[in-house]
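The values are calculated or read from the model by the stated rules, or taken from the named source; none is laboratory data. Keep in mind that what you see is a predicted model, and the values were worked out from it rather than measured. Counting neighbours? That spans all protein chains shown, and the Cβs are built from the backbone with ideal geometry, glycine included.
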Amino acid sequence: MKGNFFMLENKIFQCSLDVYEFKVYAYLCMRADRKTMTCFPSAQRIAFDCKISESQVRKVTASLEKKGFISKQRRYLKTLQGKNHQTSNLYHIEPLPV
């Protein structure tokens, strides 16, 4: 099979996700590396691609993390001045909590 597609488990429809949670979860699954099940799109990129606001992205990712669908790790880089600057988060797709 060829083309631009990805798969989600059928059990996703048994989960009580609202439309924003479903959309962002599916987006993160689409972007995730198949071996590590991780991805690191910025909130700005998620918002742009999902056609929602960045504040909505932050609310939804926090909700998905609380419900056990993803885990989120903040990532930082040192600036030339020696300060920590947050970059995009690392998202890990967890097994469905159903």
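What are the residue pairs meeting all of these: first residue in region 21-40, first residue at negative phi and surrounded by fewer than 17 Cβ atoms within 10 Å (Cβ to Cβ), second residue at pLDDT 95 or above and in a loop (DSSP other than H, G, I, E, B), Cβ atoms under 7 Å, and 6 or more apart or on different chains?
Within 7 Å, the pairs are Thr38/Ala32.
Quick one: count up the residues across region 40-98 that are polar (S, T, N, Q) and farther than 17 Å from Val24 by Cα.
5
Give the number of residues within region 76-98 that are in contact with a Phe, Trp or Tyr (Cβ under 7 Å, 6 or more places away or on another chain) and either at positive phi or of a type in the set (D, E, K, R) (or both).
Result for region 76-98: 1.
For Gln81, only one of the following conditions fails: (1) in a loop (DSSP other than H, G, I, E, B); (2) surrounded by 12 or more Cβ atoms within 10 Å (Cβ to Cβ). What is its number?
(2)
Looking at region 25-34, is at least one residue in a loop (DSSP other than H, G, I, E, B) and not hydrophobic (A, V, I, L, M, F, W, C)?
yes
Considering only region 41-56, state which residues are over 21 Å from Leu96 (Cβ atoms) and either charged (D, E, K, R) or surrounded by 14 or more Cβ atoms within 10 Å (Cβ to Cβ) (or both).
Within region 41-56, the first condition is being over 21 Å from Leu96 (Cβ atoms), and the residues that meet it are 42-45, 47-49, 51-56.
Passing the criteria: Ala43, Arg45, Ala47, Asp49, Lys51, Ile52, Glu54, Gln56.
Does Leu17 qualify as being buried (at least 17 other Cβ atoms within 10 Å of the Cβ), at pLDDT 95 or above, within 15 Å of the chain's Cα centre (by Cα) and part of a loop (DSSP other than H, G, I, E, B)?
Details: buried (at least 17 other Cβ atoms within 10 Å of the Cβ): yes; at pLDDT 95 or above: yes; within 15 Å of the chain's Cα centre (by Cα): yes; part of a loop (DSSP other than H, G, I, E, B): yes.
In short, yes.
For region 46-78, how many residues meet the condition of being part of a loop (DSSP other than H, G, I, E, B) and either in contact (Cβ under 8 Å) with a residue 40 or more places away in the chain or more than 20 Å from Thr36 (Cα to Cα) (or both)?
5
Limited to region 84-98, what total is found for residues that are outside any strand (DSSP E or B) and touching a Ser or Thr at 6+ places or on another chain (Cβ under 7 Å)?
Number of matching residues: 2.
In region 38-86, which residues are more than 19 Å from Lys23 (Cβ to Cβ) and charged (D, E, K, R)?
Within region 38-86, Arg74, Arg75, Lys78, Lys83 meet the criteria.
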